[in-house]
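Take a look at the structure set out below.
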Amino acid sequence: MKLTLKIWRQKNRNEKGVFVKYPMNDVDPEMSMLECLDVLNESLILRGEVPVAFEHDCREGICGSCGFVINGVAHGPERGTTACQLSMRHFKDGDELTLEPWRAKAFPLVKDLVVNRRALDHIIEAGGYVSVSTGQAPEGNTLPVGKEIADQSMDAAACIGCGACVAACPNASAALFTGAKITHLGVLPQGEPERERRALSMVAQMNAEAFGNCTSIGECTGVCPKEIPLEVIANMNRDYVCASFKRREDLPTPVAPVLQHT
């Protein structure tokens, strides 16, 4: 099949970027989007041109590093699918595909389709973990967890931190990501002792970064490759409000936002 890839090319964040069209005349419909870019880059290297920079690792929809915008949609038109899992058979012969990086102030561009998502790491570092000593793993039935709670935690834990929610949100909010990371620990007994501190710290760090505010538009969950439910944002807001009243003296000081490190 024949396709035209219209790709955003930008050497670095300080130089001006531009869309460049690349005709491809022999695309295997069973290729993934990243494999298609691999083929394009091979041809560019043979012609002595600079290959397109894009991020990837597992290529199995697990690591979350491959994301970029395809025809205006984060990760492309298929729901519940990362860019590395998106097959070219989902497009028609002769289509023109527009590829561009995540557009968010909190994600400064590195090169072409690659952005710096370290701001999400800062949010995790602020409290997305269990630090209390729990000793050895208890026997499975010692601390029963209801199926509804377990399912809620597992659904939230499916978040791979790709940043598609930020890219799709008109406000560039990281509320879905932060809500997922707060929810998957906070609803479990192991995460309960630090639930309030976690909410205060992670929301404070999210606000310190260059993310916008959540206005419940819902674009985030629509493009999330793991289909994280919107309810995690409500969980985050509840935990934060409760913790703000009960532990107002413990409001943390966030680390320097990612934009100060680039």
Along region 117-122, what does the Karplus equation 6.51 cos²θ - 1.76 cosθ + 1.60 (θ = phi - 60°) give for ³J(HN,Hα), rounded to whole Hz, x for Gly and Pro?
9, 4, 4, 5, 5, 4
Counting only protein heavy atoms and leaving out ligands, DNA and RNA, the solvent-accessible surface of Arg197 at a 1.4 Å probe, in Å² to the nearest 10, equals 60 Å²
For region 1-44, which trypsin sites (Lys or Arg not before Pro) are both in a DSSP coil and crowded by at most 16 other Cβ atoms within 10 Å?
Lys2, Lys11, Arg13, Lys16
Positive-end residue of Met88, Ile182, Ala243, charge dipole of the chain with Cβ unit charges
Ala243
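Lys and Arg at +1, Asp and Glu at -1: add these up for the other residues within a Cβ distance under 15 Å of Gly146 and post the number.
Numbers: positive: Lys147; negative: Glu148, Asp151, Asp155, Glu192.
My count for the surroundings of Gly146 gives -3.
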Probe 1.4 Å, accessible area per residue of region 117-261, Å²:
50 Å²
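Using a 10 Å Cβ count of at most 16 others and DSSP loop calls, identify the longest part of the chain lacking such GluC sites (Glu not before Pro).
Values: sites that count: Glu15, Glu30, Glu49, Glu60, Glu78, Glu139, Glu227.
Counting at most 16 other Cβ atoms within 10 Å as exposed, the longest clean stretch of the chain is 140-226.
At a threshold of 8 angstrom on Cα-Cα distance, excluding pairs fewer than six apart, so keeping six or more, what relative contact order does region 3-100 reach in percent? All intermediate terms of the calculation are to be shown ahead of the outcome.
Details: 149 pairs, mean separation 33.6, N = 98.
It rounds to 34 percent for region 3-100.
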Based on Cβ point charges of +1 for Lys and Arg and -1 for Asp and Glu, what charge dipole magnitude is obtained for the chain about its Cα centre, in debye rounded to the nearest 20?
840 debye
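From the helices alone, meaning DSSP H stretches of at least four residues, give me the mean residue ellipticity at 222 nm for the chain, per-run term -39500 (n - 2.57), in deg cm²/dmol to the nearest 500.
On the way: 8 runs with 87 residues, N = 262.
It lands at -10000 deg cm²/dmol.
Can you count the Lys pairs in the chain with C-alpha separation below 12 Å, eight or more apart or on different chains? Display every interim value, and only then the final one.
Details: Lys2/Lys92; Lys6/Lys21; Lys11/Lys111; Lys16/Lys111.
For the chain, qualifying lysine pairs total 4.
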Looking at region 87-148, which chymotrypsin sites (Phe, Trp or Tyr not before Pro) are DSSP coil and have at most 16 other C-beta atoms within 10 Å of their C-beta?
Tyr129
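What shape does region 1-56 have by the C-alpha gyration tensor, where a ≥ b ≥ c are the square roots of the eigenvalues, rounded means a/c under 1.5, and otherwise prolate means a/b greater than b/c and oblate the rest? Numbers along the way, then the final one.
On the way: a/c = 1.84, a/b = 1.80, b/c = 1.02.
Here region 1-56 falls in the prolate category.
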Please report the spacing between the Cα centers of region 59-118 and region 174-203 in Å, no decimals.
28 Å
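Counting Lys and Arg as +1 and Asp and Glu as -1, each charge on the Cβ, what is the dipole of region 111-184 about the Cα centre in debye, to the nearest 20? Show your work: numbers first, answer last.
Values: 5 positive and 7 negative charges, 55 e Å.
The calculated dipole for region 111-184 is roughly 260 debye.
Can you tell me the equivalent ellipsoid semi-axes for region 3-100? Use √(5λ) from the Cα gyration tensor, largest first, whole Å. Please list the in-between numbers first.
Working: eigenvalues 78, 55, 37 Å².
Values for region 3-100, descending: 20, 17, 14 Å.
Counting heavy atoms of the protein chains only and a 1.4 Å probe, report the per residue accessible area for region 16-70 as a whole number of Å². Please report the intermediate quantities before stating the final value.
Numbers: 3030 Å² over 55 residues.
With the other protein chains kept in place, region 16-70 gives 55 Å² per residue.
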Which value in nm describes the separation of the simple spin-label points at His90 and Lys11, placed 7 Å from the Cα toward the beta carbon?
3.4 nm
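For region 22-168, give the magnitude of the charge dipole about the Cα centre (Cβ charges: +1 Lys/Arg, -1 Asp/Glu; no others), in debye to the nearest 20. Display every interim value, and only then the final one.
Working: 11 positive and 22 negative charges, 112 e Å.
In debye, rounded to 20, region 22-168 gives about 540.
Carbon and sulfur: what percent of region 117-261's accessible surface (1.4 Å probe)?
On the way: 3870 of 7300 Å².
Ligands and nucleic acids excluded, carbon and sulfur reach 53 percent.
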Quick check on the chain: of the DSSP beta bridges with both residues there, what percent are antiparallel, nearest 5%?
75 percent
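The values are calculated or read from the model by the stated rules, or taken from the named source; none is laboratory data. Quantities reported herein were computed from a predicted structural model and do not represent experimental measurements. Backbone-built Cβ (ideal geometry, glycine too); neighbour counts: all protein chains shown. Keep in mind that these areas ignore ligands, DNA and RNA; they rest on the heavy atoms of the full protein, side chains included. Shrake-Rupley method; radii C 1.70, N 1.55, O 1.52, S 1.80 Å.
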